[in-house]
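The values are calculated or read from the model by the stated rules, or taken from the named source; none is laboratory data. This one's a predicted model, so the numbers in the text were calculated from it and none came from an experiment. Note: ideal-geometry Cβ built from the backbone for every residue, glycine included; neighbour counts use all protein chains shown.
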Amino acid sequence: MILFRAFRCGVFGKYPLFYSYVLCVLSGDVLMYVLYRFNPSHYTAAYWIVQFATLIVGHGVILEILRQTLAKFPGANAFGTIVGLAALGMVFCIALVRALAAPNSFAVTTTVELERDLRAVQAIFLAGIAAIISYYRIAIGRNLKGMLLGYGLFIATSVMYLAMRSYQGSSFHAFLSVAQPSLYLVSLVIWTVALWSFYPNPSPRVDVQLETDYEKLVLRTREMLGTMRAIVLKAVRP
Amino acid sequence: MIQLILFLLIGAGLLLVLFALSRRAVPAERSATTLLEARQALDALQGMLPPSGALGRFLAEGDLAYITSCTPPNIQQLFMRERRRLAIFWAGQVHHSVRALRSFHLGQARFYAKLSLATEMELALSFTALLLICRALQIALYLGGLSPARPMLGRTARLVAKLCVVSATSFAFLESARGRGPNRERPEGNSALTATN
């Protein structure tokens with residue numbers, strides 16, 4: 001439905017990374033269904049490969065959110081890029097360390113832990129972007145808000161149940177098999193509603209200023225902060 | 001177990017941030033397009049500040065001594081009550097001014113291409129510290145009046161102010177590293193920040 005609406009409304013090109021992720025998830029699900037029906041012996045190995053492929057492509061959703069929301073705010077975008085690069089670096093470091101430390105990297109326990117770690121890194125990255133958007137009071141459109149909330153919900157719940165699964169072992173699997181698809185369904189509903197039509201992101205009406213202007217702004221802010229602090233300290237001084 | 005708690009906290013933290021984001025009202029875009037307008041806005045903010053000696057004048061010992069010496073108890077009670085209300089209102093005004101300044105700064109700063117991470121962190125810390133002091137002042141005034149809370153508040157305020165200076169010094173190395181780049185002009189002084197501490 002999400003892809004159908006995207007093609008029908010011509011939104012696919014507006015958010016290419018996000019829709020590539022949705023397409024990747026759909027293709028993966030179809031592939032897994034076919035394998036499950038006709039070649040169940042390869043299902044488990046294929047499951048983790050598809051899972052990691054969608055996880056990597058899922059990083060594109062975060063980059064899409066970063067690109068679309070902060071592109072017109074160079075200052076906030078710089079912060080977001082730092083957070084993003086740090087998260088990406090962490091992804092590679094974790095993957096490298098895991099690969100070197102665990103020769104049998106497709107053992108289920110190790111794979112669950114690896115996915116949990118990578119999802120946690122995505123969660124930190126996404127939380128960083130959301131915090132920057134909140135802190136700098138950046139207005140975001142309905143499409144991007146839905147994208148952020150839907151993917152954020154999926155990532156947050158993934159981190160939590162993967163952590164539980166890793167701690168409890170396979171006894172937690174029965175709960176997981178119900179909770180995971182249900183929560184993903186909620187994310188899909190959020191995306192369907194938010195991306196039903198194209199809502200452009202609100203554009204700021206301010207041109208990018210020179211660096212010296214920023215320094216003047218900081219100087220004035222510091223001066224006023226100093227004045228305010230002096231007033232308060234004078235009031236409370238015994 | 002610690003690992004489990006850590007990951008649960010990461011997940012819960014993200015959910016919390018998203019919840020806060022979904023609940024916030026979409027801010028109106030600022031129309032200040034030039035530095036001149038930014039200056040005017042800052043000047044307007046400066047006008048919102050209560051006078052520096054206002055609280056001291058509201059709570060002057062002389063006035064209290066006069067009222068307690070020559071008025072009946074019900075007038076004294078009314079005087080004390082109104083004085084406290086005035087002081088709480090004053091602290092609220094300062095709190096409001098600090099928030100307005102922070103809002104203004106963030107609204108402007110997000111557009112600058114070369115935003116300094118160190119400066120922004122230092123300012124965020126200073127804003128938070130000042131807001132906390134104002135809130136503590138309001139709570140202390142509400143609970144017990146200014147006189148018993150004053151020494152405690154004075155110590156807290158000085159401690160927070162010291163913390164701000166220490167933090168600013170900690171971030172200074174980042175600033176100097178940035179400053180080695182070409183065409184970097186540092187503004188003259190940070191006098192207001194240091195003079196008050």
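General remarks:
- Inter-residue pairs, beta-carbon under 9 Å, first facing another protein chain (nearest Cβ under 7 Å) and on the phi > 0 side of the Ramachandran plot and in the range A:132-144, second surrounded by fewer than 21 Cβ atoms within 10 Å (Cβ to Cβ) and not aliphatic (A, V, I, L, M), 6+ apart: A:Arg137/B:Arg24; A:Arg137/B:Pro27; A:Arg137/B:Ser103
- Residue list for the range B:107-131, filter: modelled with pLDDT under 80, aliphatic (A, V, I, L, M) and in a helix (DSSP H, G or I): B:Ala109, B:Leu117, B:Ala118
- Evaluating A:Met1 against the criteria (1) at pLDDT 80 or above; (2) touching a Gly at 6+ places or on another chain (Cβ under 7 Å); (3) among the aliphatic types (A, V, I, L, M) leaves one unmet condition, (2).
- In the range A:189-209, the residue that is modelled with the highest pLDDT out of those that are more than 12 Å from chain B (Cβ to nearest Cβ) and out of contact with any helix residue (DSSP H, G or I) (no Cβ under 7 Å at 6 or more places or on another chain) is A:Val189.
- Just one of the listed residues (B:Arg135, B:Arg84) is over 17 Å from A:Ile231 (Cα atoms), more than 8 Å from chain A (Cβ to nearest Cβ), in contact (Cβ under 8 Å) with a residue 40 or more places away in the chain and charged (D, E, K, R), namely B:Arg84.
- Residues (without any contact (Cβ under 8 Å) to a residue 24 or more places away in the chain and not in a helix (DSSP H, G or I)) located in the range A:1-39: A:Phe12, A:Gly13, A:Asn39
- Every residue from the range B:1-25 that is more than 7 Å from chain A (Cβ to nearest Cβ) and assigned to a helix (DSSP H, G or I): B:Ile2, B:Gln3, B:Ile5, B:Leu6, B:Leu9, B:Ala12, B:Leu16, B:Phe19, B:Arg23
- Among all residues of the range A:107-119, there is none that is polar (S, T, N, Q), in contact with a Leu (Cβ under 8 Å, 6 or more places away or on another chain) and part of a helix (DSSP H, G or I).
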